[in-house]
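Below you'll find the structure I mean.
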Amino acid sequence: MKPLETYAAVVRMPFGAVGIRVAGDTLAGLDFLPPDWPEKPPENAPAANAARQLRQYLAQPDFRFDLPLAQAGTAFQRAVWREIATIPPGKSATYGQLARRLDFAPRAVGQACGANPFPLITPCHRVIAANGGLGGFAGRGADAPFLQQVKRWLLQHEGVHLE
């Protein structure tokens, strides 16, 4: 767990909270945080803009984020993230579908999803398993059960019904 000082703001969400990290004038990353995290008011303009847009997403599930993002990831990861960004709110795609479009292996697509520093903005929660289930979403670490709950909530919020 990162310390509270890591975040330029923390926004409460129905599933817990989202920590906002900034680098200069850009968003450096978002982290899903468990329900016991305290809210933290934005300490600068980029954090305030990100917090405002997160709240808009809560009010309007089809909201499109428009935030300056810090450069992140490998060329491969960025290719996967660009493809994920084409999945509209209320829709989903499987790891296999994305893998076929990009000519990569599904597991590699899943690993790129897990490395995504901008969840919600690059909506990797919209990538699901071939059987209609949630899929991995952030690996198998200690946070995996919480992150699975986050993914389920985000999909329901956007109107995606899993099998």
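Ordering TRP81, TRP153 by how much accessible area each has at a 1.4 Å probe, largest first, what is the list?
Details: TRP81 20, TRP153 60 Å².
Greatest to least solvent exposure: TRP153, TRP81.
Evaluate the distance, in nm, between pseudo-label points positioned 7 Å from the Cα of ASP66 and of THR86 along their respective Cα→Cβ axes.
Spacing of the two 7 Å Cα→Cβ label points: 2.3 nm.
Stretch ARG101-ARG52 to full length: gain in nm at 0.36 nm per residue minus the Cα-Cα span?
14.3 nm
Using +1 at the Cβ of each Lys and Arg and -1 at the Cβ of each Asp and Glu in the chain, identify which of ALA50, ALA99, ILE20 lies farthest towards the dipole's positive end.
Final value for the positive-end residue is ALA99.
Another question about this same structure. For volume of the Cα convex hull per residue in Å³, pick the label among (i) 139; (ii) 206; (iii) 105 that corresponds to the value derived from the coordinates.
Read-out taken from this structure: (iii).
If you don't mind, there's one more thing I want to ask. Taking the Cβ-Cβ separation of THR26 and ASN131 as r and a Förster radius of 30 Å, what is the calculated FRET efficiency to the nearest 0.05?
The computed FRET efficiency comes out at 0.20.
Using the heavy atoms of the protein chains alone and a 1.4 angstrom probe, what is the accessible area of the chain per residue in square angstrom? If you can, show how the numbers build up before the last one.
Working: 8140 Å² over 163 residues.
Ligands and nucleic acids excluded, the figure is 50 Å² per residue.
Further, regarding this structure: Give me the dipole magnitude in Debye, nearest 20, for the chain about the Cα centre, with unit charges on the beta carbon: positive for Lys and Arg, negative for Asp and Glu.
Approximately 340 debye in magnitude.
Please list LYS2, LYS151 in order of solvent-accessible area, largest first, computed with a 1.4 Å probe with all protein chains present.
If we order LYS2, LYS151 from most to least accessible, we get LYS2, LYS151.
Using DSSP H assignments, which helices in the chain have an axial alpha-carbon span of 18 Å or above and a mean Kyte-Doolittle hydropathy of -1.0 or higher?
Those that pass (Cα extent of 18 Å or more, hydropathy at least -1.0) are 45-59, 144-157.
Now a separate question. Rounded to the nearest 500, what is the 222 nm mean residue ellipticity of the chain from helices alone, with -39500 (n - 2.57) per DSSP H run of 4+ residues and division by all residues? Mind showing how you got there, number by number?
Values: 5 runs with 56 residues, N = 163.
Using -39500 (n - 2.57) per qualifying helix, the result is -10500 deg cm²/dmol.
So which lysines pass the test for LYS151, namely a Cα distance under 16 Å, with those fewer than 8 places away in the same chain ruled out?
LYS91
Then there is this: For a quick check of your reading of the filter: which trypsin sites (Lys or Arg not before Pro) in the range 65-95 sit in a DSSP loop and have no more than 12 other Cβ atoms within 10 Å?
LYS91
Taking all protein chains as present, what is the carbon and sulfur share of the accessible area of the range 1-113, in % to the nearest whole number, probe 1.4 Å?
The C+S portion of the solvent-accessible surface of the range 1-113 is 53 percent.
The values are calculated or read from the model by the stated rules, or taken from the named source; none is laboratory data. Keep in mind the model is a prediction, meaning the values are calculated, not measured. A quick note on method: Cβ atoms are made from the backbone with ideal geometry, for glycine too, and the neighbour counts reach across all protein chains shown. Side chains included, ligands, DNA and RNA excluded: accessible areas come from the protein's heavy atoms. Shrake-Rupley method; radii C 1.70, N 1.55, O 1.52, S 1.80 Å.
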